[in-house]
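Single-structure report; data block below.
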Amino acid sequence: MKLILPKYFTIVGLIFILSSCNGQVKQKKIEDNITTGKIENPNGNVYCGFLDKDDNLWFGTTNDGVYKFDGSNFVHFTEKDGLSNNKISCIYQVDNGDLWFGTANGISIFNGTKFTHLKIPEYKISTDWLKKSYPMVNPNEVQSIVQDKNGMFWIGTNGAGAYRYDGKSFTNLLSEIGDTMPDGLYHNVIQRITEDNYGNIWFASMSHGGANKFDGKTFTQYMPKDGISDDQIRIIIVDSKGIIWFGFNGNRESGLTSFNGNSFQTFTEKDGLCTKNVRAIYEDTQGNLWVGGMQGFCVYKGKEFTRFVDNKNVTYERIIFIVGDKEDNIWFGGTNGFWKYDGEVVTDMTRKNK
């Protein structure tokens, strides 16, 4: 069955704010949250998607929590069920199978039965500008989570740089790179962290800090002078060939930059790229790259970019996330809606079919 949602819906949160890092939340039966029809009173948009090890899809929203899709039903979780906040910025599954949800108030952890809250270090700096910019810049919001091959956790925030977490303590990293904000302080936003095939950890800075690679001992910063096309990076992924792809905010002649370990290559709108603001990149099982952003949605098959057009000759824009499922369906969406593409037909998952 499919999720039927009105336009601009968002997914409701999983984990309730607790007084301690490892506190547990008593919750109602999951069956009570199964939704088989239209979601009432939607408020937000789908922001991220994730396929877990059991082939369940998870969708996080900007202020309506999270949904789990098992192939038949959607299960909806919000703060009432234990989420620490209804704004979900990222979803990640760690080695033991637990799902970690990056929220506007730390990390919510779901073990399949109950939820706990992992608080990141409190950001104690408060300035007039920071108060006015909230939630645009919220240092306590987790935007990216990765567990590396050695079991270490890496956490990107919306204004406090990044943290390395060994399961007991946090170490702050990259909090003072890029440009200072109007209050004269650094509030480095790390929207994406990823690990490459050699175990290097890559950090994407949206605060004019470029890309930063950590090899286990030292950081190397990559800026436009080094080959990337912009210093405001929204997304980094590593494809099946080990190529690293960077998506940018859309300044200068930016768009999509690849790095093969030795040199950078940038693709712009002049090369057929459908959007210079790249918010989402996904590689399908055929090795094709799906690229989405504010201005469009397209596919790159290694030679050229093709703007995606559905069976009704409709194009798409304002795409924030792209994820595939076990049946090779492509799920994508953002501020204008939420869709599933099965290779032939696009199904609108945000409106009730008439």
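The values are calculated or read from the model by the stated rules, or taken from the named source; none is laboratory data. Remember, predicted model here, so these are calculated numbers, not experimental data. Positions of Cβ are generated from backbone atoms using ideal geometry, with glycine treated the same way; all protein chains shown enter the neighbour counts. Note: areas computed on protein heavy atoms with side chains; ligands, DNA, RNA excluded. Shrake-Rupley method; radii C 1.70, N 1.55, O 1.52, S 1.80 Å.
Annotations for the structure displayed:
- Summed residue charge, Cβ within 11 Å of Thr285's Cβ, Lys/Arg positive, Asp/Glu negative: -4
- Three-way shape call for the stretch 39-124 based on the alpha-carbon gyration tensor, with the a/c threshold at 1.5: oblate
- Relative contact order of the chain: 12 percent, from C-alpha pairs under 8 Å at least 6 residues apart in sequence.
- Averaged over its residues, the stretch 193-252 has an accessible area of 39 Å² per residue, based on protein heavy atoms and a 1.4 Å probe.
- The modelled label-to-label distance for the pair Asp55/Gln265, using points 7 Å beyond Cα in the direction of Cβ, is 3.5 nm.
- Structure-derived Cα extents along the principal axes in Å: which label, when the choices are (1) 72, 46, 38; (2) 54, 51, 40; (3) 61, 54, 33: (2)
- The chain, accessible surface, carbon-and-sulfur percent (1.4 angstrom probe): 44 percent
- Three-way shape label, the stretch 98-250, alpha-carbon gyration tensor, a/c 1.5: oblate
- For GluC sites (Glu not before Pro), the sites in the stretch 115-184 that DSSP calls loop and that have at most 10 other Cβ atoms within 10 Å are Glu122.
- Each peptide among 283-291, 62-70, 166-174 gets the average number of other Cβ atoms lying within 10 Å of its residues, and from highest to lowest they stand as 62-70, 283-291, 166-174.
- Cut-off 13 Å between beta-carbons: net charge of the residues surrounding Ala104, Lys and Arg +1, Asp and Glu -1: -1
- Computed [θ] at 222 nm, deg cm²/dmol, the chain (DSSP H ≥ 4; -39,500 (n - 2.57); rounded to nearest 500): -500 deg cm²/dmol
- Counting 0.36 nm for each residue step from Asp215 to Lys301 and taking away their Cα separation leaves a gain of 27.9 nm.
- Packing here is the average count of other Cβ atoms within 10 Å per residue, and on that basis the peptides 270-279, 211-220, highest first, run 270-279, 211-220.
- Over the stretch 196-354, relative contact order from alpha-carbon pairs under 8 Å, at least 6 apart, %: 12 percent
- For the chain, the dipole from Cβ point charges (+1 on Lys and Arg, -1 on Asp and Glu) about the Cα centre works out to 680 debye, to the nearest 20.
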